[in-house]
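None of the figures in this text is laboratory data; all of them are computed from the coordinates on show. If you're wondering where the values come from, they're calculated on a predicted model, not measured in any experiment. Glycine gets a Cβ as well: all are built from the backbone with ideal geometry, and neighbour counts include every protein chain shown.
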Amino acid sequence: MAKDYYNTLGVSKSASQDEIKAAFRKLAHQYHPDKPGGNAEKFKEINEAYQVVGDPAKRQKYDQFGSAAFDGSAGFGGAGGPFGAGGFDFSGFQGAGFEDLGDMFGEMFGFGGGRRGATRTPRGNDIQVDVDLTFRDAVFGASKEITLTKPTACERCGGVGAEPGTKMIECKDCKGAGVRVVQQRTILGTIQSRVACSTCAGEGESPSQACSTCRGAGLTKQKKTLCVNIPPGVENGNVLRVRAEGEGVKGGQPGDLFVRLHVADDKRFAREGDTIFSQAQIGFTQAALGATLSVETVDGPVELDIPPGTQSGTEFRLRAHGVVTRSGRGDHVVIVEVVTPKKLSKDQRRLLEELDLKE
């Protein structure tokens, strides 16, 4: 059966988008099922109509083909729909320029259809610190001490805020609910919403006698030294997360600690992933005849055999002398540079001329 969405909203077919929106707001406020005298079926019809003609693109399609173009796709659950009989899906309004109506109606009438609940467990602020590492620290991992001064649960009262041995009593302002209902005048009329009680910070109770150390706050500023384990293989700019080591908060969970790593350069080495690179210089004779070199690695000096006829730029791979990883260890690549002498003695020059070495 064809549906007249304009008639449902009480507007003419030539109504502007602003007029349609204003009509929807008025009717939604009037018929919302959580209000005294509300009508769930009427509210569903209003929502369905607004979802179509409230969207300029859908409205154009509706004007051309009627409501049949939207049968089964309006996004509202009927008796056999995904939300059960009379159910409502506010997610259909999010995006495309519509307000987040789930949140809007949740705040208006105090029901839990929106994404925001009346109260949430509080969480402390996160903390970020910077830690400097050597090249070797990044390769093998390290333990670093970090000292922080931060709000922490009071040791005397355990974060409760009450003097040890005394009781917690029901908050007189919210009567133990942890929230208060406040009324507010808006363009839709007087609406009510729930907010956390400022007297008890949403906990619903307060100490009969405040802690003598934190004076009821449940928190004190304390200096704490942590030992943070830096895993092997980290790179410059990596951030480690240490859970629950951020700032504390009364009645909730502490935030997290984020450790940003700064790895110092090492002029002997370069790194790509789990591979370490270095350079070694050899003389013309060593390249021609071969030699044994002592090269620096992160493990210390290692003997490297240079075969005869080695060319400048040749790479030699030292297995398992690179960066430590979870799956094993990378390699160390030594790039050999053949150095041509800039000055020769008369005898050296004569010998080379006699050899007359050519490619």
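Structure values in brief
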{"read-out": "Footprinting exposure proxy for Thr121, Thr213 (fewest neighbouring C-beta atoms within 10 Å first)", "value": "Thr121, Thr213"}
{"read-out": "Region 168-207, relative contact order [Cα under 8 Å, separation at least 6], %", "value": "50 percent"}
{"read-out": "Distant-in-sequence amide H partners of Gln222 (H built 1.01 Å from N, under 5 Å)", "value": "Lys150, Thr152"}
{"read-out": "Restraint check, Lys42/Lys175; Lys144/Lys267; Lys172/Lys221, Cα-Cα greater than 26 Å", "value": "Lys42/Lys175; Lys172/Lys221"}
{"read-out": "R0 of 51 Å, Cβ-Cβ distance Gln253-Ala291: FRET efficiency to nearest 0.05", "value": "0.20"}
{"read-out": "Within region 151-176, backbone nitrogen closer than 13 Å to the virtual label 7 Å beyond the Cα of Ser212 toward Cβ", "value": "156-157, 163-166"}
{"read-out": "FRET efficiency, Arg136 to Ser312 (Cβ-Cβ, R0 30 Å, nearest 0.05)", "value": "0.55"}
{"read-out": "Within-10-Å neighbourhood charge of Ala177 [Cβ basis; K, R +1; D, E -1]", "value": "+1"}
{"read-out": "Summed residue charge, Cβ within 10 Å of Ile127's Cβ, Lys/Arg positive, Asp/Glu negative", "value": "-3"}
{"read-out": "Proxy reagent accessibility, fewest Cβ within 10 Å first, across Ile46, Ile187, Ile230", "value": "Ile187, Ile230, Ile46"}
{"read-out": "Fewest-first sequence of Leu188, Leu133 by Cβ atoms within 10 Å of each Cβ", "value": "Leu188, Leu133"}
{"read-out": "For Arg271, residues with placed amide H under 5 Å, excluding near neighbours", "value": "Phe277"}
{"read-out": "Distance between modelled label sites at Gln184 and Ser67, nm, 7 Å Cα→Cβ extension", "value": "3.4 nm"}
{"read-out": "Calculated FRET value between Arg123 and Ile335, using beta carbons and R₀ = 56 Å, to 0.05", "value": "0.65"}
{"read-out": "Table column - 3J(HN,Hα) (Hz), region 213-225, Karplus curve with 6.51, -1.76, 1.60, x for Gly and Pro", "value": "8, 9, 6, x, 6, x, 9, 9, 7, 10, 8, 9, 10"}
